[in-house]
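The values are calculated or read from the model by the stated rules, or taken from the named source; none is laboratory data. On a predicted model such as this, the values are computed, not experimentally measured, just so you know. Virtual Cβ from ideal backbone geometry, glycine too; neighbours counted across all protein chains shown. Just so you know, the surface numbers come from the protein's heavy atoms only, side chains and all, with ligands and any DNA or RNA stripped out. Shrake-Rupley method; radii C 1.70, N 1.55, O 1.52, S 1.80 Å.
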Amino acid sequence: MVTALHHVNITVTAELETAAKEFYGSVLGLKQVPKPAAARPTGAWYQIGVNQLHLSVEDAQNARLSSRHVCFSVSDLAETERRFRDADVEIIPDPRPVPGTPRFYVRDPGGNQLEIVQA
């Protein structure tokens, strides 16, 4: 039985690796952690509490924008939205609002969708 989320793996093309690392490390402010020696040399791993986000590089990226996403809970939704706007990241309004759950979406440089929700 699953008791916790250990990590989420997302992918970008090699051409977008640097932009994705800037996005996750600087814009989102995630802490990069060392990868095991057996891991691929490209990409990066980030620690978020007890969970991890793994950024992997793939040769080909699906041309269609997927609705798959990772959800990040934030303490101040308005401040988080400001940080994204300051970094020229497009804010995607919630297409299906849930009462009592303020949120919006963004896409990282690789086209991966992120849900940003008020904690």
Report summary line: Over segment 66-108, the set of residues of a type outside the set (D, E, K, R), in a loop (DSSP other than H, G, I, E, B) and closer than 24 Å to LEU55 by Cβ is SER66, SER67, SER75, ALA87, VAL89, ILE91
Requested in this report: Taking the residues in segment 3-20 that are farther than 9 Å from VAL57 by Cα and within 10 Å of the chain's Cα centre (by Cα) as candidates, determine which candidate is surrounded by the most Cβ atoms within 10 Å (Cβ to Cβ).
Outcome: ALA20
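Please determine whether any residue of segment 54-66 is at pLDDT 90 or above, of a type outside the set (Val, Ile, Thr) and surrounded by 12 or more Cβ atoms within 10 Å (Cβ to Cβ).
In the first step, residues of segment 54-66 are kept if they are at pLDDT 90 or above; the result is 54-55.
Next, from what is left, pick out any that are of a type outside the set (Val, Ile, Thr): 54-55.
This time we only want the ones that are surrounded by 12 or more Cβ atoms within 10 Å (Cβ to Cβ), so: 54-55.
Yes - at least one qualifying residue is present in segment 54-66.
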Requested in this report: Kindly indicate whether ALA38 is open to solvent by 30 Å² or more (accessible area, probe 1.4 Å) and either at negative phi or modelled with pLDDT of 95 or more (or both).
Outcome: yes
Query raised in the report: Taking only pairs six or more apart or across chains, which ones have beta-carbon atoms under 8 Å, a first residue in segment 1-15 that is at pLDDT 80 or above, and a second residue that is open to solvent by 60 Å² or more (accessible area, probe 1.4 Å) and in a loop (DSSP other than H, G, I, E, B)?
Result: THR11/GLN61; VAL12/GLN61; THR13/ASP59; THR13/ALA60; THR13/GLN61; ALA14/ASP59
